[in-house]
1. Mind checking which residues of the range 153-175 are within 13 Å of the ligand (Cβ to nearest atom) and either farther than 23 Å from residue 17 by Cα or surrounded by fewer than 19 Cβ atoms within 10 Å (Cβ to Cβ) (or both)?
2. Looking at the range 11-44 only, could you name the residues that are among the β-branched types (Val, Ile, Thr) and either over 18 Å from residue 130 (Cα atoms) or under 14 Å from the mean Cα position of the chain (by Cα) (or both)?
3. Hey, residue 16 hits all of (1) in contact (Cβ under 8 Å) with a residue 60 or more places away in the chain; (2) assigned to a strand (DSSP E or B) but one; which does it fall short on?
4. Among the candidates 114, 130, 126, which residue alone is within 10 Å of the ligand (Cβ to nearest atom), aliphatic (A, V, I, L, M) and either loosely packed, with under 15 Cβ neighbours inside 10 Å or touching a residue at least 24 places away in the same chain (Cβ under 8 Å) (or both)?
5. Where residues in the range 55-79 are more than 23 Å from residue 201 (Cα to Cα) and in contact (Cβ under 8 Å) with a residue 60 or more places away in the chain, which of them is surrounded by the most Cβ atoms within 10 Å (Cβ to Cβ)?
6. So if I check each of 142, 46, 154, which one is free of Cβ contacts under 8 Å to residues at least 60 places away in the same chain, in a strand (DSSP E or B) and in contact with a helix residue (DSSP H, G or I) (Cβ under 7 Å, 6 or more places away or on another chain)?
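What follows draws every value from the coordinates through simple rules; no lab data is involved. Note that the coordinates shown come from a computational prediction; the quantities given were computed from them, not determined experimentally. Cβ coordinates were reconstructed from backbone atoms using ideal geometry, including for glycine residues, and neighbour counts include every protein chain displayed.
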Amino acid sequence: MKTSRRIILSSGNTHKVKEIKEILKDLDIEVVSKDDLGFKDFDVVEDKDSLEGNAFKKAEELSKLVKGIIIADDTGLFVDALDGAPGVYSARYAGEHANYKDNNELLLKNLGGVPIEKRTACFKTVIALVLEDGSKLKAEGECRGKIGFEAHGENGFGYDPLFIVDGLEKTFGEMTDEEKNSLSHRANALRNLKNVIGEILN
Ligand code: IMP
């Protein structure tokens, strides 16, 4: 299969882009974001009801505009006590124009009175990959933890200060980039994807 030797990230989220570039840095291929290529205004309405649907929508729409291996990440936080909410709707949990603070506040409010042992949650990431010939692949990754009672740590983004990682008993917000990128949902998904990309490049 013939492909251009670069991976293009269909994401304008600078936090995600930084993490993905860092996690993929050992691959023998250039990794660039859509913004790096001048597609800053390119945006996709994430209106599918699954992470996979949104991830493929983001990758496929960009593949119509630019050549290369396109990947897109869609991630959600699934909280057991809230029947899986915010899930696919994690970005807009507190409304269409909600920011990270609004979403975190609503999450804490909705978990009011729920004891720590019932605050279990899972971050899930789906990475969609679209090649120049239109063929598609996906990889998934998870990270389990609990939602704390208040924010801890200044690092990361989104729900990171609330998500206490199982076994480490600290939030993603309290981790260095290296720590988060060694065990996060995104890291696990990209680790699975790397095996596939390796085969394509060879
Ligand atoms: P998206 O739809 O994949 O861009 O992400 C949905 C939302 O999930 C984002 O707006 C963030 O609030 C949150 N999110 C995604 N990835 C992470 C992460 O690694 N840590 C914390 N929150 C995240």
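1. Correct list: 153, 155, 157.
2. Restricting attention to the range 11-44, the residues satisfying the condition of being among the β-branched types (Val, Ile, Thr) are 14, 17, 20, 23, 29, 31-32, 44.
Hits for the range 11-44 are 14, 17, 20, 23.
3. (2)
4. On the way: 114 fails: within 10 Å of the ligand (Cβ to nearest atom); 130 fails: within 10 Å of the ligand (Cβ to nearest atom).
None of the others qualify; the one that does is 126.
5. The qualifying residue surrounded by the most Cβ atoms within 10 Å (Cβ to Cβ) is 77.
6. It is 142.
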